[in-house]
Amino acid sequence: MLERLEELRARAIAEMEAAGDKAALESWRLAYLGRKGALTILLRSIGALPPEERRAAGAAGNQVKTDLETALERKRAALEAAARSTGEPPLDITLPGRAPTLGGLHPTTLMLRQICRAFTALGFQVVEGPEVEWDYYNFEALNIPKDHPARDMWSTFWMDFQNKAGERPMLLRTHTSPMQIRVMERARPPIRVVIPGRCYRYEATDATHESIFFQVEGLAVDQGITMADLKGTLYEFARRLFGPERRVRFRCDYFPFVEPGVEMAIDCFACGGSGCRLCSGSGWIEIMGAGMVHPKVLERVGYDPQVYTGFAFGLGLERIAMLQWGINDIRLFYSNDLRFLKQFKGVGQ
Ligand code: PHE
């Protein structure tokens with residue numbers, strides 16, 4: 001073993017002499033001192049020697065290793081000195097590096113987080129649900145039976161699959177309201193949830209309509225919840241998102257799964273209510289539909305409407321984002337135009 005070590009030392013030193021540049025020196029280092037280098041392998045085999053030889057071999061082996069490492073350092077310094085004297089430019093550490101391009105969050109994500117944060121601060125939990133939904137949850141359980149005209153409001157993507165009756169019972173959800181039912185089926189009051197999610201409608205797209213969009217649904221059910229709770233909660237939400245000076249307006253509207261149903265508007269933050277293009281001259285901007293959960297809906301999930309009441313609301317996320325950031329075409333959201341998306345880099349989350 002001692003001989004083999006000496007032999008390796010001689011060979012290594014000779015080869016090192018021959019290394020003419022940094023790259024050659026590095027291959028030399030790998031060949032001898034690297035993890036799979038000749039010396040490393042030889043040193044490893046010392047463990048297998050008979051005990052009486054092991055001590056001496058170990059000591060000699062370590063000595064060879066130290067010698068080679070010292071020689072390597074010396075050689076490295078010599079090569080560097082030579083390079084300097086021949087005028088080879090040294091490593092220029094003042095040269096700026098290439099900045100890695102950092103992505104940003106999509107405006108939909110930014111808005112989704114803002115809205116969820118406003119509601120979680122008010123005690124709501126965030127839950128999510130399926131985008132492919134049963135007719136039952138999307139319509140039936142929400143008090144929209146088969147021939148109800150309200151179905152016409154939602155041009156719908158149906159799944160191909162048929163049930164035994166030859167009906168197509170599944171669709172891409174047209175709103176997030178089916179999650180009201182799913183949540184109530186699984187939980188017992190008190191319930192306070194918001195449900196953000198993608199929805200689908202068979203729309204002719206234009207500046208304000210897309211066939212894929214996001215909604216945020218809200219639901220609160222408990223004993224003694226009244227319309228005052230609905231108004232207070234949504235008012236607070238509007239102020240958190242659009243500024244503390246906002247005023248709100250509730251007007252009657254119709255949704256089959258609430259009674260009474262309302263549409264909520266905020267006073268136009270662009271003109272302060274005097275009428276401008278943003279609010280189409282009315283001074284008000286509609287931001288969501290809402291209402292008290294219909295007794296029939298409560299009954300359907302086994303809640304006694306004499307004991308429990310609740311309110312629900314649903315808003316179109318892109319619409320809120322368009323208002324917030326002055327975006328004039330909803331199609332911009334999902335057309336992946338970097339000129340659009342880049343403008344949201346660094347927008348507060
Ligand atoms: N789901 C309704 C829509 O898509 C909005 C809504 C939700 C209205 C909850 C009332 C209560 O238009």
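A few points about this structure:
- Residues (over 16 Å from E7 (Cα atoms), open to solvent by less than 90 Å² (accessible area, probe 1.4 Å) and without any contact (Cβ under 8 Å) to a residue 40 or more places away in the chain) located in the stretch 60-77: E69, T70, A77
- Meets criteria (out of contact with any Leu (no Cβ under 8 Å at 6 or more places or on another chain), under 30 Å from L91 (Cα atoms) and of a type outside the set (F, W, Y)) for R54: no
- Scanning the stretch 1-38 for residues that are outside any helix (DSSP H, G or I) and closer than 15 Å to R76 by Cβ, we see that the one that is least open to solvent (accessible area, probe 1.4 Å) is A19.
- Scanning the stretch 303-321 for residues that are touching a residue at least 24 places away in the same chain (Cβ under 8 Å) and either open to solvent by 30 Å² or more (accessible area, probe 1.4 Å) or near the ligand (Cβ under 10 Å from one of its atoms) (or both) yields V307, Y308, T309, F311, A312, F313, G314, L315, G316, R319.
- Contact map, the stretch 250-265: residues that are in the same structural domain as G291 (by TED's automatic domain parsing) paired with residues that are of a type in the set (S, T, N, Q) and near the ligand (Cβ under 10 Å from one of its atoms), Cβ distance under 9 Å, separation 6+ or inter-chain. Pairs shown: F255/S177; F257/S177; F257/Q180.
- Tally, over the stretch 46-55, of residues that are in contact with a Lys or Arg (Cβ under 9 Å, 6 or more places away or on another chain) and either part of a loop (DSSP other than H, G, I, E, B) or surrounded by 12 or more Cβ atoms within 10 Å (Cβ to Cβ) (or both): 1
The values are calculated or read from the model by the stated rules, or taken from the named source; none is laboratory data. Keep in mind that this is a model prediction, so the values were computed, not measured. Methodologically, a virtual Cβ is constructed for each residue, glycine included, from the backbone with ideal geometry; neighbour enumeration extends over all protein chains shown. When the accessible area is computed, the model is the full protein with side chains, heavy atoms only, and any ligands, DNA or RNA have been set aside. Shrake-Rupley method; radii C 1.70, N 1.55, O 1.52, S 1.80 Å.
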